[in-house]
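Okay, handing you the structure first.
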Amino acid sequence: MPNPSLLILPGDGIGPEVMAEVRRIIDWFGAKRGIAFDVSEDLVGGCAYDKHGTPLHDDTMARAQEVDAVLLGAVGGPQYDSLDFSVKPERGLLRLRKEMDLYANLRPAQCFDALADFSSLKKNVVAGLDIMIVRELTSGIYFGEPRGIIREGNERIGINTQRYTESEIARVARSAFELARKRSNRVCSMEKANVMESGVLWREVVTEVHQAEYSDVELSHMYADAGAMQLTRWPKQFDVIVTDNLFGDLLSDLAAMLTGSLGMLPSASLGAPMANGRPKALYEPVHGSAPDIAGQGKANPIACILSFAMALRYSFDLGDEAARVEKAVEQVLADGLRTADLMGPEGGTPVSTTGMGDAVLAALDASL
Ligand code: IPM
Ligand code: MG
């Protein structure tokens with residue numbers, strides 16, 4: 001059996017420095033656990049544009065379709081702001097999601113005990129929080145046609161289209177129900193059925209899938225704006241939230257911040273199973289490229305490290321090894337190690353990006 005293959009796309013900004021820490025953890029698994037990966041690395045985003053004039057080269061796209069999993073750092077930066085829309089760094093990421101058909105984006109928001117004081121919400125509201133947002137990732141207003149900026153008379157009009165087919169809604173609903181069964185068995189579906197036809201259809205299809213296949217799971221519905229309010233009021237009422245592409249983008253940033261820092265949260269984007277039974281998959285931190293701190297050793301590598309843990313769990317059926325990485329992270333946080341983003345009034349031991357990586361590796365060693 002060949003080793004499982006990983007394509008690493010560090011991208012822009014802090015992407016390369018956080019991914020460097022993940023590389024060390026991948027190497028650790030080869031050396032200490034006999035779990036070796038065939039790793040290749042390539043460009044995505046602004047750095048790909050600089051070299052090839054496109055944010056994702058066709059060869060990179062083809063490679064992404066072949067490997068068992070893709071790990072991505074982050075894309076974007078202010079130097080690319082004035083580029084034509086079609087070659088912006090973000091288009092590279094969106095092309096990967098679309099062409100790999102990664103329709104289910106799993107964004108867990110978990111509050112580590114050591115960071116419960118760090119949230120902008122009261123400790124009792126967030127301590128022990130463990131929710132999972134399942135965001136539809138390949139359709140909706142991000143991709144719907146018509147789109148563009150047109151001219152009518154002496155005015156410009158910006159157009160985007162929210163569009164969902166039944167099958168697109170049904171498949172992401174199934175992903176959410178399947179996950180709920182392995183968790184607390186509850187799904188809350190969020191849309192704007194009070195204003196949008198696509199929301200009406202969303203609610204209908206989620207309800208149909210539930211009745212036909214998942215009636216053992218508890219299902220509720222909420223308008224997405226009320227959902228945002230409830231997420232800040234009492235987030236622990238939720239287990240799995242399933243929502244569309246744009247609402248999922250907003251709600252997952254909100255949920256991330258409940259846990260204290262965007263620097264903590266991983267994500268998995270999953271598609272249909274490949275011939276080998278593994279889902280098409282891309283793993284990436286929820287945070288962006290943070291150009292303001294790039295190259296200074298300040299970035300928190302934990303979200304990217306936890307994204308690799310999600311790869312172990314969802315692509316390679318190594319749930320125990322994923323839990324080992326997650327426990328190592330929990331340990332270093334409990335030991336008080338803090339990158340700059342985690343440095344609150346209660347203090348802690350300041351560490352650099354590499355310092356955090358060192359500590360996680362030491363905790364992994366101690367786990368053996
Ligand atoms: C995210 C990001 C992306 C999105 C951007 C970088 C295209 O905000 O993954 O949440 O809007 O989906
Ligand atoms: Mg976002």
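Check off (1) hydroxyl-bearing (Ser, Thr, Tyr); (2) in contact (Cβ under 8 Å) with a residue 12 or more places away in the chain; (3) exposed (fewer than 15 other Cβ atoms within 10 Å of the Cβ) for SER167 and give me the number that stays unchecked.
If we test SER167 against (1) hydroxyl-bearing (Ser, Thr, Tyr); (2) in contact (Cβ under 8 Å) with a residue 12 or more places away in the chain; (3) exposed (fewer than 15 other Cβ atoms within 10 Å of the Cβ), just (2) comes out false.
Which number in (1) within 16 Å of ligand 1 (Cβ to nearest atom); (2) within 22 Å of GLY128 (Cα to Cα) marks the one condition that ALA328 misses?
(1)
Can you go through VAL172, VAL195 and tell me which one is modelled with pLDDT of 95 or more, more than 20 Å from LEU102 (Cβ to Cβ) and among the hydrophobic types (A, V, I, L, M, F, W, C)?
Selected residue: VAL195, the only one of VAL172, VAL195 that is modelled with pLDDT of 95 or more, more than 20 Å from LEU102 (Cβ to Cβ) and among the hydrophobic types (A, V, I, L, M, F, W, C).
Follow-up. Scanning the stretch 234-243 for residues that are open to solvent by 30 Å² or more (accessible area, probe 1.4 Å) and in contact (Cβ under 8 Å) with a residue 60 or more places away in the chain, which turns out nearest to LEU129 (Cα to Cα)?
Filtering the stretch 234-243 for residues that are open to solvent by 30 Å² or more (accessible area, probe 1.4 Å) and in contact (Cβ under 8 Å) with a residue 60 or more places away in the chain, the one nearest to LEU129 (Cα to Cα) comes out as LYS236.
A follow-up question, please. Among the numbered criteria (1) within 12 Å of ligand 1 (Cβ to nearest atom); (2) open to solvent by 50 Å² or more (accessible area, probe 1.4 Å); (3) in contact with a strand residue (DSSP E or B) (Cβ under 8 Å, 6 or more places away or on another chain), which single criterion is violated by LEU246?
The single condition LEU246 does not satisfy is (3).
Right, something else. Give ASP317, ASP358, ASP292 a once-over and let me know the one that is farther than 15 Å from GLY15 by Cβ, open to solvent by 10 Å² or more (accessible area, probe 1.4 Å), outside any loop (DSSP other than H, G, I, E, B) and assigned by TED's automatic domain parsing to the domain that holds ASP27.
On the way: ASP317 fails: outside any loop (DSSP other than H, G, I, E, B); ASP292 fails: farther than 15 Å from GLY15 by Cβ.
Unique residue meeting the criteria: ASP358.
Looking only at the stretch 171-223, how many residues end up being among the aromatic types (Phe, Trp, Tyr), within 21 Å of THR161 (Cα to Cα) and open to solvent by less than 40 Å² (accessible area, probe 1.4 Å)?
Going residue by residue through the stretch 171-223, those that are among the aromatic types (Phe, Trp, Tyr) are 177, 202, 214, 223.
Still in the running and within 21 Å of THR161 (Cα to Cα): 202, 223.
With open to solvent by less than 40 Å² (accessible area, probe 1.4 Å) added as a condition, the list becomes 202.
Qualifying residue count for the region: 1.
In the list GLY347, GLY297, which residue meets the criterion of being modelled with pLDDT under 95, in a loop (DSSP other than H, G, I, E, B) and on the phi > 0 side of the Ramachandran plot?
Exactly one residue qualifies, and that residue is GLY347.
Step by step: first the residues of the stretch 234-243, then only those that are among the hydrophobic types (A, V, I, L, M, F, W, C) and within 15 Å of THR259 (Cα to Cα), then the one that is farthest from ligand 1 (Cβ to nearest atom). Which residue is that?
Going through the qualifying residues, I end up with TRP234.
Inside the stretch 8-124, counting only helices (runs of 4 or more DSSP H) that do not spill past its ends, which hold 2 or more residues that are farther than 22 Å from VAL286 by Cα?
Ranges flagged: 15-33, 46-52, 58-66.
Among the residues in the stretch 105-113, are any in contact with an Asp or Glu (Cβ under 8 Å, 6 or more places away or on another chain), among the acidic types (Asp, Glu) and open to solvent by 20 Å² or more (accessible area, probe 1.4 Å)?
Yes, that holds for at least one residue.
Here is a further query. Are any residues in the stretch 71-82 of a type in the set (A, V, I, L, M, F, W, C) and away from ligand 1 (no atom under 14 Å from the Cβ), and if so, which ones? Walk me through how you get there before you give the answer.
Kept after step one, since they are of a type in the set (A, V, I, L, M, F, W, C), are these residues of the stretch 71-82: 71-72, 74-75.
LEU71, the sole residue that qualifies.
Restricting to the stretch 198-232, name every residue that is free of Cβ contacts under 8 Å to residues at least 24 places away in the same chain and either over 13 Å from ILE169 (Cα atoms) or not assigned by TED's automatic domain parsing to the domain that holds SER139 (or both).
Selection gives GLN211, ALA212, SER215, ALA226, MET229, GLN230.
Look through LEU312, LEU231 and report the one residue that is assigned to a helix (DSSP H, G or I), in contact with an Asp or Glu (Cβ under 7 Å, 6 or more places away or on another chain), away from ligand 1 (no atom under 12 Å from the Cβ) and modelled with pLDDT of 95 or more.
When all the criteria are applied, what remains is LEU312.
The values are calculated or read from the model by the stated rules, or taken from the named source; none is laboratory data. In this text the structure is predicted, and so the values were computed from the model without any measurement. With ideal geometry, Cβ positions are generated from the backbone for all residues, glycine too; neighbour counts draw on all protein chains shown. These area figures cover heavy atoms from the full protein model, side chains too; ligands, DNA and RNA do not enter into them. Shrake-Rupley method; radii C 1.70, N 1.55, O 1.52, S 1.80 Å.
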